[in-house]
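Peer 1: Can you read through this structure? Questions will come right after.
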Amino acid sequence: MNKKAQVPALFTIIIAIALSASALYIIVTSNNNRYSNLIEINNLIEQTQFKELYIKEQAKIILNETINLCQSCTEKNLKELFKEKSIERQNLFHYDGAGNFYANIKEDNLEIKEEENYKLSIPEIKIESEINQNEIQKNFNLCILFDKQGDFVGYC
């Protein structure tokens, strides 16, 4: 038998096994990173959706309270009462995810119109969500309709 040929063949087998193991490790870890990035992006989208829903629900609650407290008020009085109720609500339930919602209200960047229904409009609400190096910024205009009894009718 030729013992000199057996040693290089053994090394070739050992090197092939080592390369296969390292390639398998790279494949598994890269898929793991890709999967964790997808989870982060999904969480980011869910955070943004939650923040938008939070703002819409807060606006609905505040407008309902405002209309129920002052059904015979003028548009100007409704707007002032809405601002007061918003400030109270912000102080009770301070939530950083509300973006510039409360700032728009404080800066009088809103409109309440009384037509067939009450119409609340707040333009350019900005929200941001961030996880690690991923970030989503969303801008939207809020427009809500309520009937004369203070019940939610829908979005404009």
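Peer 1: Could you tell me which GluC sites (Glu not before Pro) in the stretch 30-117 are loop residues by DSSP with no more than 14 other beta carbons within 10 angstrom of their beta carbon?
Peer 2: 107, 115, 116
Peer 1: So what is the relative contact order of the chain, in percent, for Cα pairs below 8 Å that sit 6 or more residues apart?
Peer 2: Worked out over the chain, it gives 21 percent.
Peer 1: Mind checking which lysines have their Cα closer than 29 Å to the Cα of residue 119? Skip sequence neighbours fewer than 8 apart in that chain.
Peer 2: Once the sequence-local lysines are set aside, what remains near residue 119 is 51, 56, 60, 76, 79, 83, 85, 106, 138, 148.
Peer 1: Follow-up. With a cap of 14 neighbouring Cβ atoms within 10 Å, and only residues DSSP puts in a loop, list the chymotrypsin sites (Phe, Trp or Tyr not before Pro) found in the stretch 33-98.
Peer 2: Working: sites: 35, 50, 54, 82, 93, 95; in loops: 93, 95.
Of the chymotrypsin sites (Phe, Trp or Tyr not before Pro), the ones in loops of the stretch 33-98 whose Cβ has at most 14 other Cβ atoms within 10 Å are 93, 95.
Peer 1: Further question: Could you tell me how many degrees, from 0 to 90 and to the nearest 10, lie between the Cα long axis of helix 3-69 and the main elongation axis, the longest principal axis, of the Cα atoms of the chain?
Peer 2: Here the helix axis deviates by roughly 0 degrees.
Peer 1: Same structure, new question: Most exposed first by the Cβ proxy, i.e. fewest other Cβ within 10 Å, how do 81, 69 rank?
Peer 2: On the way: 81 19, 69 13.
Fewest to most other Cβ atoms nearby, the residues stand as 69, 81.
Peer 1: When you count, for each residue, the other Cβ atoms within 10 Å and take the mean per peptide, how do 96-105, 11-20, 133-142 rank with the highest first?
Peer 2: Details: 96-105: 17.7, 11-20: 10.0, 133-142: 12.9.
The most tightly packed comes first, giving 96-105, 133-142, 11-20.
Peer 1: Now a separate question. Where does the chain land at 222 nm, in deg cm²/dmol rounded to the nearest 500, when only DSSP H runs of n ≥ 4 count, each adding -39500 (n - 2.57), divided by all residues?
Peer 2: -21000 deg cm²/dmol
Peer 1: Roughly how tilted is helix 75-92, in degrees to the nearest 10 and between 0 and 90, from the longest Cα axis of the chain?
Peer 2: Roughly 40 degrees, rounded to the nearest 10.
Peer 1: A follow-up question, please. Only one of the listed values, (i) 15.3; (ii) 12.3; (iii) 13.6, was derived from the coordinates as mean projected area of the Cα convex hull in nm²; which label is it?
Peer 2: The value matching this structure is (iii).
Peer 1: Can you work out the Karplus-derived ³J(HN,Hα) for every residue in the stretch 142-156? Use 6.51 cos²θ - 1.76 cosθ + 1.60 with θ = phi - 60°, whole Hz, and x for glycine or proline.
Peer 2: 9, 9, 10, 10, 10, 7, 5, 8, x, 9, 5, 9, x, 9, 6
Values quoted throughout were computed directly from the atomic coordinates according to the rules given, and no laboratory measurement underlies them. Since this is a predicted model, take the numbers as computed values, not measurements. Positions of Cβ are generated from backbone atoms using ideal geometry, with glycine treated the same way; all protein chains shown enter the neighbour counts.
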